[in-house]
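Participant: One structure, as structure tokens, below. Some questions next.
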Amino acid sequence: MCSAPGLRHGENGRSHPLPGASVEFPIPDPGRALYTGYVTASTPEQRRILVVLVAAQVLSGAGLAAGITVGALLAQELSGSTGLAGVPTALFTIGSAAAAVGVGRLSQARGRRPGLTLGYVVGAVGAMGVVVTAVTANVVLLFVALLVYGAGTSTNLQARYAGADLAPPGGRARAVSIVLVATTLGGVVGPNLTAATGSLAEALGIRPLAGPFLLAAAAYALAALVLGVFLRPDPLQRARELDESPVVANAGPARPVDGSVLPGAAVMIVTQLVMVAIMTMTPVHILEHGHGVGAAGAVIALHVAAMFLPSPVTGWLVDRVGRVPVAAASGGTLLAAGVLGAVAPDDSTALLAVALVLLGLGWNLGLVSGTAMITDAVPLARRARTQGTVDVGIALSGAGAGLASGLVVAGSGYAELSLGGGIVALVMLPFLAAGRRRRIPSDRHA
């Protein structure tokens, strides 16, 4: 039997690394970097994949921001009811849930490239549908179009998993964070173009609030084009090829990690619920107290920046400090955001902006840590499907939050919604405590 320095032979005949030893195997393909059981972020393949994902996320971020910024306002304008202002968020998150199933299953069967590309194409179709229904002033058709538009939201989030497919366990959170932070540019620029795209829409004879959806349609279509043409090799397919390589069979088990599917899913579901509920009604709250669409767009832009911009730091913390501590910090941050939003004076957009920044930061901490937990816990053989299923739960929690938020504000007020959301964030803590007690070894093919 051949052996490599730093290996010992176990009772099962497999070679395992000695404690503290560094074992490297050359990748079978010429020109590849050394392989240690996973592709590192320094390999040309992983660098290329991350560059392509970053480009697509910059574009799709603008599409994602359209529904956040003016979806509730458009529904309120067409229906004349504040109680229905939360319906758009509920609908495009329900659409996101359906798309998460489809994108996850297609990715499992065919790879990330076809799954993500199709998701963005459907999102672009939905955005154009919103524009058409805004022209016809048909509320029912608007709601149907928003369901389809939700596919873009789901795809934007599922792209983070593609960044982690070829990353080593100790670098997964940082790989996820690189993909997430790329959404910042489009997500911040998009809301700040609300006035400009509104003027364009008005010049075309369309309601000004439909303008951001014109931008969303173009942004999602371009993101689909970038992924469809340039996401090669497909990261999930390539990870499977490497997983089947003989060198992986001799690489031994990966280091143990804390967490499992349930705690990771709970963190992301709760953070999504709290974030969507408060975020959805903030533009409506701002406009009802004498401020313009531009002010609402600026606050949402800061919120979206806080959702994605801290990702590199969050990823580093998750990989260095641990999944569970960072996830617990997300609960505390969301609580602080809810309390500040509740006590902020109605005419103070500055304090609301700070609250929304904290809201975005809490969501970011929860999403990055929860994503790492899920990816650690699920082997490649069922990874994409499980990730899609978890994202269904995330989307449905957002749908419920969006639907309930308008009713809560209409019945009680924005302060009650904000404070209630902060308290709900603490629900994740028992799940984290249970996951902390139950450390699980990651699958050697994870």
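The values are calculated or read from the model by the stated rules, or taken from the named source; none is laboratory data. Everything quoted here is computed from the prediction, not taken from an experiment. No Cβ is skipped: glycine too gets one built from the backbone with ideal geometry, and neighbour counts run over all protein chains shown.
Participant: So residue 184 clears everything in (1) under 23 Å from residue 93 (Cα atoms); (2) buried (at least 24 other Cβ atoms within 10 Å of the Cβ); (3) not hydrophobic (A, V, I, L, M, F, W, C) except one condition, right? Which one?
Facilitator: (2)
Participant: Given the conditions (1) modelled with pLDDT under 90; (2) over 21 Å from residue 306 (Cβ atoms), and given that residue 188 satisfies all but one, which numbered condition is not satisfied?
Facilitator: (2)
Participant: Follow-up. Take residue 119 and tell me if it is in contact with a Phe, Trp or Tyr (Cβ under 8 Å, 6 or more places away or on another chain), buried (at least 24 other Cβ atoms within 10 Å of the Cβ) and assigned to a helix (DSSP H, G or I).
Facilitator: In short, no.
Participant: Please work out which residue is farthest from residue 388 (Cα to Cα), limiting yourself to the range 122-157 and to residues that are surrounded by fewer than 24 Cβ atoms within 10 Å (Cβ to Cβ) and of a type outside the set (A, V, I, L, M, F, W, C).
Facilitator: Ranking the qualifying residues of the range 122-157, first place goes to 136.
Participant: Could you look through the range 345-374, keep only residues that are β-branched (Val, Ile, Thr) and within 14 Å of residue 266 (Cα to Cα), and pick out the one that is surrounded by the most Cβ atoms within 10 Å (Cβ to Cβ)?
Facilitator: In this case the residue turns out to be 368.
Participant: Here's something else I'd like to know. On the given criteria, is residue 111 modelled with pLDDT of 90 or more, out of contact with any His (no Cβ under 6 Å at 6 or more places or on another chain) and at positive phi?
Facilitator: It is true that residue 111 is modelled with pLDDT of 90 or more, out of contact with any His (no Cβ under 6 Å at 6 or more places or on another chain) and at positive phi.
Participant: Of all residues in the range 85-106, how many are modelled with pLDDT of 80 or more, among the polar types (S, T, N, Q) and either within 27 Å of residue 411 (Cα to Cα) or in contact with a strand residue (DSSP E or B) (Cβ under 9 Å, 6 or more places away or on another chain) (or both)?
Facilitator: 0
Participant: Which number in (1) within 27 Å of residue 268 (Cβ to Cβ); (2) at pLDDT below 90 marks the one condition that residue 148 misses?
Facilitator: Only one criterion in (1) within 27 Å of residue 268 (Cβ to Cβ); (2) at pLDDT below 90 is unmet by residue 148, namely (2).
Participant: Looking at residue 444 and the list (1) under 29 Å from residue 152 (Cβ atoms); (2) at pLDDT below 85; (3) surrounded by fewer than 20 Cβ atoms within 10 Å (Cβ to Cβ), which single condition is not satisfied?
Facilitator: Just one mismatch for residue 444, condition (1).
Participant: Quick one: in the range 388-422, of everything that is buried (at least 24 other Cβ atoms within 10 Å of the Cβ) and among the polar types (S, T, N, Q), which residue is farthest from residue 237 (Cα to Cα)?
Facilitator: Here the answer is 418.
Participant: So, in the range 372-388, exactly how many residues are within 20 Å of residue 432 (Cβ to Cβ) and assigned to a helix (DSSP H, G or I)?
Facilitator: Final tally of qualifying residues: 8.
Participant: Something else now. For residue 286, state whether it is more than 17 Å from residue 181 (Cβ to Cβ), surrounded by 23 or more Cβ atoms within 10 Å (Cβ to Cβ), of a type in the set (A, V, I, L, M, F, W, C) and under 17 Å from the mean Cα position of the chain (by Cα).
Facilitator: No: the conditions fail for residue 286.
Participant: Is it the case that some residue within the range 320-336 is β-branched (Val, Ile, Thr) and touching an Asp or Glu at 6+ places or on another chain (Cβ under 7 Å)?
Facilitator: Looking through the range 320-336, at least one residue is β-branched (Val, Ile, Thr) and touching an Asp or Glu at 6+ places or on another chain (Cβ under 7 Å).
Participant: Could you list all residues from the range 107-143 that are within 17 Å of residue 61 (Cα to Cα) and of a type outside the set (A, V, I, L, M, F, W, C)?
Facilitator: 117, 119, 120, 123, 126
Participant: Output the residues belonging to the range 156-200 that are part of a helix (DSSP H, G or I) and farther than 30 Å from residue 321 by Cβ.
Facilitator: Within the range 156-200, 189, 190, 191, 192, 194, 195, 196, 197, 198, 199, 200 meet the criteria.
Participant: If a residue counts only when it is modelled with pLDDT of 90 or more and under 28 Å from residue 196 (Cβ atoms), which helices (runs of 4 or more DSSP H) contained entirely in the range 277-365 have at least 2 such residues?
Facilitator: Output list reads 293-308.
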